[in-house]
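The values are calculated or read from the model by the stated rules, or taken from the named source; none is laboratory data. Worth saying up front: this structure is predicted, and the values here are computed from it rather than measured. Cβ atoms come from the backbone with ideal geometry, glycine included; neighbour counts cover every protein chain shown. SASA here: full protein model, heavy atoms, side chains in, ligands and nucleic acids out. Shrake-Rupley method; radii C 1.70, N 1.55, O 1.52, S 1.80 Å.
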Amino acid sequence: MTHPSWAPHGAALRAFLAGREDAEIVVLGEDGEEERTPARVFFRGPEEFSSLEEAALDLCRGRVLDVGAGAGCHSLVLQERGFAVVAIDVAPEAVEVMRSRGVRDVRCGDVFAWAGERFDTLLILMNGIGLVGSLDGLDRFLRDTPRLLNAGGQILLDSYDPGEPDPARPDRYVGEMRFQLEYAGRRGAFYDFLFLDCGTLGRHAERAGWRCESIWQEDEGHYLARLTAGTAGG
């Protein structure tokens, strides 16, 4: 039986919170490659954050929407710093986990469908921007997102450079991929995911009226970017 795409992720988070410290999420690529991610990664404390994450949290301002918040590790730190934070995730189990851990304002939802509230910062870490799924999805996100931001608002996001184009897929951006998650024999449906180099992000952002700054660069192409409104197209 195939479950909703993010159900294995949510189940692994709930299992870890319940004491299954060995819980891990299996990430299956459409090419057959497999990676395993320990669920504890999503429960890290600030002492385990990378320099990139620290930089992103230091740049947060005003009211924050933590997109794809997982187990709430970033939301909890921002709460402690006095920020008003709304944490959202598409997995109901993740929402339960965050509430159990003390995140005060948690919603189950998709940023594409969000309406009626505005924020000063959209925080999208742990490559959450990949959930746009494709370059077309990125363009949709960039066109749609201004309705979520107050004047002077910003988006903070990270991603990974996917590397050189794949000659076997000449008509498809190399960072457009498909994955499937599995936990404890429970496998979710395939979903589209986007790894995005900073240059491509900048070009798409500029066309949509955003200014894109590269804030932090780490090894293996991992980077933090900040988007703010302000080009002629905005």
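What the table below lists for this structure:
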quantity: Of the criteria (1) β-branched (Val, Ile, Thr); (2) farther than 27 Å from Ser51 by Cα; (3) modelled with pLDDT of 95 or more, which one Ile215 fails; calculated: (2)
quantity: Check on Ser75, of a type in the set (S, T, N, Q) and open to solvent by 20 Å² or more (accessible area, probe 1.4 Å); calculated: no
quantity: Among (1) in a loop (DSSP other than H, G, I, E, B); (2) within 13 Å of Leu181 (Cβ to Cβ), the one test that Asp31 misses; calculated: (2)
quantity: Hits in region 42-78 (condition: out of contact with any helix residue (DSSP H, G or I) (no Cβ under 9 Å at 6 or more places or on another chain), under 17 Å from Ser159 (Cβ atoms) and not polar (S, T, N, Q)); calculated: Leu52, Ala55, Leu59
quantity: Enumeration of residues in region 82-103 that are free of Cβ contacts under 8 Å to residues at least 24 places away in the same chain and open to solvent by 40 Å² or more (accessible area, probe 1.4 Å); calculated: Gly82, Phe83, Ala84, Arg99
quantity: Pair list, Cβ under 6 Å, 6 or more apart: region 104-118 residue closer than 11 Å to Asp89 by Cα and among the small types (Gly, Ala, Ser), other residue surrounded by 14 or more Cβ atoms within 10 Å (Cβ to Cβ) and modelled with pLDDT of 95 or more; calculated: Gly109/Ile88
quantity: Enumeration of residues in region 59-77 that are under 27 Å from Ser214 (Cβ atoms) and either of a type in the set (Lys, Arg) or in contact (Cβ under 8 Å) with a residue 40 or more places away in the chain (or both); calculated: Leu59, Cys60, Arg61, Gly62, Arg63, Val64, Leu65, Asp66, Val67, Gly68, Gly70, His74
quantity: Failed item in (1) part of a helix (DSSP H, G or I); (2) over 19 Å from Thr121 (Cα atoms); (3) open to solvent by less than 60 Å² (accessible area, probe 1.4 Å), with Thr37 passing the rest; calculated: (1)
quantity: Conditions (1) open to solvent by 20 Å² or more (accessible area, probe 1.4 Å); (2) at negative phi; (3) within 15 Å of the chain's Cα centre (by Cα); number of the one not met by Glu53; calculated: (1)
quantity: Region 99-115 - residue that is in a helix (DSSP H, G or I) and under 27 Å from Arg178 (Cβ atoms) and, of those, nearest to the chain's Cα centre (by Cα); calculated: Val111
quantity: Contacts under 8 angstrom Cβ, first residue in region 43-55 being touching a residue at least 24 places away in the same chain (Cβ under 8 Å), partner open to solvent by 20 Å² or more (accessible area, probe 1.4 Å) and part of a loop (DSSP other than H, G, I, E, B), 6 or more apart; calculated: Ser50/Glu218; Ser51/Glu218; Leu52/Glu218
